[in-house]
Amino acid sequence: MNRVHLICVVAAVFAGLVFETITSAQVTRERDVIYLRTEGVAMTFDVFKPANPNGIGIIKVVSGGWKSKYEKVTDDYGVPYTDHGYTVFAVMHGSQPRYQVRDIMGFMHRAVRFIRTHADRWDIDPDRMGVTGASAGGHLSLILATKGGPGDPDAKDPIDRASSAVQAAGVFFPPTDYLNWSEPGDDCVGVGKQERWQPAFGEESKTAETRQILGRHMSSIYHVSETTPPVSIIHGDADPIVPLFQSTSFKMVAEAKGVPIELTIKKGLQHGWPNKQADEVRFVKWFDQHLLAARANTYRIGTCDWSIKMQVSEESFEFAKANGLDGIQYSFDAKGNGLDLRTRENRDKVRAIVKETGVAISSLGIGLLNRVPLATTDEADRLVADCLEAMVMLKEEAADLEDRELAEKVSPKIVLLAFFGKADLNGDEERMNTVIRKLKRFAPIAEKHGFILGIESLLSEADHRRIMEGVGSPAVKVYYDTANSARMGYDIYREIESLGTENICEVHIKQDAALLGQGDIDFPRIRLLLDSMGYNGWLIIEGSKPKGMSHADATKANTKFARDCFNASP
C-alpha cells in the first residue's frame, strides 16, 4: 500500500499538546498537526518556525506524483525560507492511488483553510500566505493560486468557512494543462504520456468526454483570472516528464490577464537537478516582494526641510507634525548653519524635538553639493565625510536609548547626494569618472555602518547604473525623483520598475509647479509599481507647490493626496 502519513493519536494530541523538536538554534519544528481526518486517516503538516519570524506563512506542498512521503520532510525542509523569517508549513496529503487528484486538491484547500483559521497560533498574517512546490507539488500550488477562494459560509465546520486563497506562489516545473500537454490537443488526462498515472485520475480518465471535464477541473491554466496572485516559475528546458510547454503556456495566459508572473528557464536541465534548493532563493525574493512588502499602510510620508523653507531647524519637525507627516528629510548644511548635526548639543536638540513631535528623520540631504560639486571640489569631500561622521554619531547615540522606537527615528541610514546646477553630471564623462572614484572612498564607510549614499541627479537609468557598477558597492543607490526624471523625458515608470528595490533607496514624489495628482505624473501607477517591486521605504514630498500657494496649504494638500494614493498610515 502506498504510504499515507498516518499518526497514532494519543491522549496528548487530544489534549492539544504540541510535539516540538528544536532542529537548530534558529528553527523550531512542530510535528504532526492534524488538519483533516477522513476514513480513519489523519492528514497532517509540520511547522518550521524561525526564531525571528516575519509574520508570513509559506505552505510547502510535500508531493511527488501526488504521493506525500514524510521521510522527505527533513529538519532543514524549511530552508531557505526560514533563514529569511518565513514560517513554513510542510503540508502532506493522502496519496494516490488510494486518493485521486480531485480528492487531493480538496485536501490542499482544507489545509490552507485550517492554517488560516489558526493563524494566531503560529503568529502569521492570515491575509498574506504563499505556496510553493515542485512537479505535482507545483501543480497543487497553482491549483491553490488559481482556484483558492471563499469557503462555504453555511459549513458546519468553521474551518470550511475560511478562504483557501493564497497571495503568492513560487513553483518548480508544474503541470498546468492536462488537455494540451506538450502541444495543443495533446490529451494527457491519464492517457498518452500520462498513462502510467491513470490510477490518480480515476474513472473520469476513461472516456474522452469525461477527460475534458476532469482535465479542465484539474488544470490551473483554465482558472487564471485578473485576481490570480503573483506567480514565479522555474522550469528546465530539457524536462522529459513535464514539458516546458506547460509553463510557457501558463505564462502567456497569466500575462494576458495582467497577473504578475516570471518564468525562469534553466538551460539544459531536466525534471529536478542537484542543489535545487539554491534556486528557491528566487522564490524567497518573490515572496519578499509580494508578501512581505504587501502589508497595508506600508508607506511613510515625509517632506524635505528645504521644500518648506525650514532647513536645519526644530520648526521643520513641528510643521511636519501639524501637517500630518511622518518624517523630515533633514539638511546637512555648511558648518555652523542652524541645528548643525556635527555637534552633540545640536544632535541632542534634534532628538528632543523628534521625541516631542514623533516625527522621524527620514534621511539626510546634502543640497549644498549643488553649489559645491563633489566632482570638482575638495570642500565637497569634507562635506560628505562630515555627514557620514554625523550619521555614525547619531547611530551610536541612538544605541544608548531605551526607547527603541525613538532610536530608530533619530538614526537615519540614507543621505541624498545632490548633483544639480553647478554639480550636474549629465554628458560630462570626466566628472562622472571623478564621482565614481570619490564614491569608492566613501562607500566602505557607508557599508560598514549600514548607510546608503543616494545619488539624485538628472542622469538616465543607464548612467546611474554606470556609476553604481563603477563604484561596485551596495551602499551606493539611486535616490529617485519622479519630476526630475520626467522633465528629462525619461520613461519614469519603466525606470522605476527596472531599477527596483535593489537600486532605489528612497523616492521623491514630486510634480513640478503643481500639487501632487494635478500634473502629468501618474502617481497611482507609481504606487502599483512600488507595491509590485516590494518597496517599503519612505516617500518624500518635494516641491509640488503652485505659484502663490503657501507652503502650509501645499503640504496639507500633498499629504492628503499621498496618503489617499499610497494608502499610508495616517
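Results, tabulated for the structure shown:
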read-out: Qualifying positions in region 243-266 - touching a strand residue (DSSP E or B) at 6+ places or on another chain (Cβ under 8 Å), surrounded by fewer than 15 Cβ atoms within 10 Å (Cβ to Cβ) and farther than 27 Å from Tyr77 by Cβ; value: Glu255
read-out: Matching residues, region 117-144, being assigned to a helix (DSSP H, G or I) and open to solvent by less than 10 Å² (accessible area, probe 1.4 Å); value: Ala119, Trp122, Ala136, Gly137, Gly138, His139, Leu140, Ser141, Leu142, Ile143, Leu144
read-out: Filtered residues of region 151-163 (kept if touching a Pro at 6+ places or on another chain (Cβ under 7 Å) and outside any helix (DSSP H, G or I)); value: Ser163
read-out: Residues satisfying the stated conditions in region 100-115, i.e. out of contact with any strand residue (DSSP E or B) (no Cβ under 9 Å at 6 or more places or on another chain) and open to solvent by less than 10 Å² (accessible area, probe 1.4 Å); value: Val101, Ile104, Met105
read-out: Residue that is nearest to Asp279 (Cα to Cα) [pool: residues in region 96-139 that are touching a Phe, Trp or Tyr at 6+ places or on another chain (Cβ under 8 Å) and of a type in the set (A, V, I, L, M)]; value: Ala134
read-out: All positions within region 199-222 that are in a helix (DSSP H, G or I), out of contact with any Pro (no Cβ under 8 Å at 6 or more places or on another chain) and open to solvent by 50 Å² or more (accessible area, probe 1.4 Å); value: Glu203, Glu204, Lys206, Ala208, Glu209, Gln212, Ile213, Arg216, His217, Tyr222
read-out: Meets criteria (in contact (Cβ under 8 Å) with a residue 12 or more places away in the chain, open to solvent by 50 Å² or more (accessible area, probe 1.4 Å), more than 20 Å from Leu36 (Cβ to Cβ) and in a helix (DSSP H, G or I)) for Pro240; value: no
read-out: Residue match in region 408-430 (condition: closer than 30 Å to Ile353 by Cα and in a helix (DSSP H, G or I)); value: yes
read-out: Residues (among the aliphatic types (A, V, I, L, M) and either without any contact (Cβ under 8 Å) to a residue 12 or more places away in the chain or more than 23 Å from Gly519 (Cα to Cα) (or both)) located in region 467-496; value: Ile467, Met468, Val471, Ala475, Val476, Val478
read-out: Residues of region 402-427 satisfying the condition of being free of Cβ contacts under 8 Å to residues at least 12 places away in the same chain and touching a helix residue (DSSP H, G or I) at 6+ places or on another chain (Cβ under 6 Å); value: Ala407
read-out: Matching residues in region 349-379 - criterion: being over 22 Å from Lys309 (Cα atoms) and free of Cβ contacts under 8 Å to residues at least 40 places away in the same chain; value: Thr377, Asp378, Glu379
read-out: Test: residue in region 381-388 that is closer than 27 Å to Leu539 by Cβ and open to solvent by 20 Å² or more (accessible area, probe 1.4 Å); value: no
read-out: Close pairs from region 497-517: first farther than 16 Å from Lys413 by Cβ, partner loosely packed, with under 15 Cβ neighbours inside 10 Å, Cβ under 6 Å, at least 6 apart; value: Ala514/Pro546
read-out: For Val112: the one exception among (1) touching a residue at least 60 places away in the same chain (Cβ under 8 Å); (2) β-branched (Val, Ile, Thr); (3) part of a helix (DSSP H, G or I); value: (1)
read-out: Selected residue [among the β-branched types (Val, Ile, Thr), more than 22 Å from the chain's Cα centre (by Cα) and farther than 27 Å from Leu439 by Cα] from Ile541, Ile526, Ile521; value: Ile521
read-out: Check on Glu396, over 27 Å from Asp424 (Cβ atoms) and free of Cβ contacts under 8 Å to residues at least 24 places away in the same chain; value: yes
read-out: Some residue of region 164-172 being among the aromatic types (Phe, Trp, Tyr) and either part of a strand (DSSP E or B) or within 21 Å of His109 (Cα to Cα) (or both); value: yes
read-out: Selected residue (only one of Leu516, Leu530, Leu539 is more than 17 Å from Tyr479 (Cβ to Cβ) and touching a strand residue (DSSP E or B) at 6+ places or on another chain (Cβ under 9 Å)); value: Leu516
read-out: Residue that is touching a helix residue (DSSP H, G or I) at 6+ places or on another chain (Cβ under 9 Å), of a type outside the set (Asp, Glu), surrounded by 17 or more Cβ atoms within 10 Å (Cβ to Cβ) and not in a loop (DSSP other than H, G, I, E, B), where the choices are Val392, Val312, Val372, Val350; value: Val350
read-out: Candidates Ala462, Ala446, Ala399 - the one that is hydrophobic (A, V, I, L, M, F, W, C), on the phi < 0 side of the Ramachandran plot and surrounded by 14 or more Cβ atoms within 10 Å (Cβ to Cβ); value: Ala446
read-out: Residue in region 273-287 that is free of Cβ contacts under 8 Å to residues at least 12 places away in the same chain, open to solvent by 20 Å² or more (accessible area, probe 1.4 Å) and within 30 Å of Ala360 (Cα to Cα) present; value: yes
read-out: Complete set of residues in region 315-347 that are of a type in the set (Gly, Ala, Ser), open to solvent by 30 Å² or more (accessible area, probe 1.4 Å) and under 22 Å from Lys510 (Cα atoms); value: Ala322, Gly324
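So that you can scan it fast, the table gives a plain yes or no per residue for (1) more than 23 Å from the chain's Cα centre (by Cα); (2) over 30 Å from Val259 (Cα atoms):
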| site | (1), (2) |
| --- | --- |
| Ala446 | yes, yes |
| Lys477 | no, no |
| Ala483 | yes, no |
| Gly517 | yes, no |
| Gly537 | no, no |
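The values are calculated or read from the model by the stated rules, or taken from the named source; none is laboratory data. Owing to the predicted nature of the structure, the values given are computational and were not obtained by experimental measurement. Methodologically, a virtual Cβ is constructed for each residue, glycine included, from the backbone with ideal geometry; neighbour enumeration extends over all protein chains shown. For the accessible areas, the whole protein counts, side chains as well, though only heavy atoms, and no ligand, DNA or RNA atoms are used. Shrake-Rupley method; radii C 1.70, N 1.55, O 1.52, S 1.80 Å.
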